Amino acid sequence: VRVGSVVELRKPATKRASADGVAYAAQLPGGASAPALAPAGSQKLKKEETARGVVLDVDPLSRVVHVSTPDELVDAHSPGGEGGESSGKKRAAAPVSAAADAAQRLRVGARVVATVALSRPGLLVLSLPKHGHALGVAAHHALWSGAGARPELLAAEAAKYSSGQKVQAVVTSLPSEAADGGAAAPEPLQLSMVDAPLAAAAGDAAVSEG
């Protein structure tokens, strides 16, 4: 399952307490199920209830799927959903999500206001509300690469960011399209963090959106 994909979420079969967020069972392509985790404050499901979430990351060791569930984010990443367009390339038009379409319209070097979707040691995932809620992976500095960094340093850096926090970033690389030109989620944008804090009073006015 790829970052930006939309998955169905259910109440987990076994109760999994987590101080890091709300636990779900994610239904993956092909019928497989995997443990999922959304930020604290996300909707808790009752038996037989379902919800949808956008994939932010898949932990390579635990296989936990980290998701985000706000309706506007899910709609933006749903192919053919609200704000989405159709791609007329190569073959019959395939639905393209609003997020994928908006990401392709950005330019390298654009400075944007972003919202923190996920902060984990070595990983910072941002969404761009003014650009179709496109997702980007950001590097604050060399620590985020995780290469040779001590776990406690990575954890301390990740703790500086929380879900919903506004930050500034610069687009360093645009996503590649799905290999078949279809509706599969593209790779996320690559972003570079701007060290200057984002003043709440200034908001988006302080940033030149590209």
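Under the condition of being open to solvent by 20 Å² or more (accessible area, probe 1.4 Å) and within 19 Å of the chain's Cα centre (by Cα), which residue from the range 78-99 is modelled with the highest pLDDT?
Initial filter on the range 78-99 (open to solvent by 20 Å² or more (accessible area, probe 1.4 Å)): 79-93, 95-96.
Still in the list and also within 19 Å of the chain's Cα centre (by Cα): 79-84, 96.
Values: P79: 86, G80: 72, G81: 59, E82: 55, G83: 46, G84: 43, V96: 81.
The qualifying residue modelled with the highest pLDDT is P79.
Does the range 102-121 include one or more residues that are within 12 Å of the chain's Cα centre (by Cα), open to solvent by 70 Å² or more (accessible area, probe 1.4 Å), closer than 21 Å to V6 by Cβ and modelled with pLDDT under 95?
Step one: list which residues in the range 102-121 are within 12 Å of the chain's Cα centre (by Cα), which gives 114-119.
Checking the rest, the ones that are also open to solvent by 70 Å² or more (accessible area, probe 1.4 Å) come to none.
Scanning the range 102-121 turns up no residue that is within 12 Å of the chain's Cα centre (by Cα), open to solvent by 70 Å² or more (accessible area, probe 1.4 Å), closer than 21 Å to V6 by Cβ and modelled with pLDDT under 95.
Pick from the range 61-71 the residues that are assigned to a loop (DSSP other than H, G, I, E, B) and open to solvent by less than 100 Å² (accessible area, probe 1.4 Å): which of them is farthest from V116 (Cα to Cα)? So that I can check it myself, show each step before the final result.
Filtering the range 61-71 for residues assigned to a loop (DSSP other than H, G, I, E, B) gives 61-64, 69-70.
Keeping just the survivors that are open to solvent by less than 100 Å² (accessible area, probe 1.4 Å) gives 62, 64, 69-70.
Numbers: S62: 22, V64: 19, T69: 13, P70: 13 Å.
Here the residue is S62.
Return the total of residues in the range 172-191 being modelled with pLDDT of 90 or more and either open to solvent by 70 Å² or more (accessible area, probe 1.4 Å) or out of contact with any helix residue (DSSP H, G or I) (no Cβ under 9 Å at 6 or more places or on another chain) (or both).
Here the count works out to 4.
Report yes if E49 is surrounded by fewer than 22 Cβ atoms within 10 Å (Cβ to Cβ) and either at pLDDT 95 or above or touching an Asp or Glu at 6+ places or on another chain (Cβ under 8 Å) (or both), otherwise no.
Details: surrounded by fewer than 22 Cβ atoms within 10 Å (Cβ to Cβ): yes; either at pLDDT 95 or above or touching an Asp or Glu at 6+ places or on another chain (Cβ under 8 Å) (or both): no.
Judged against the criteria, E49 is not a match.
The values are calculated or read from the model by the stated rules, or taken from the named source; none is laboratory data. Keep in mind that this is a model prediction, so the values were computed, not measured. Reconstructed Cβ throughout: ideal geometry from the backbone, glycine too, with neighbour counts over all protein chains shown. Areas reflect the complete protein model, heavy atoms only, side chains present, ligands, DNA and RNA absent. Shrake-Rupley method; radii C 1.70, N 1.55, O 1.52, S 1.80 Å.
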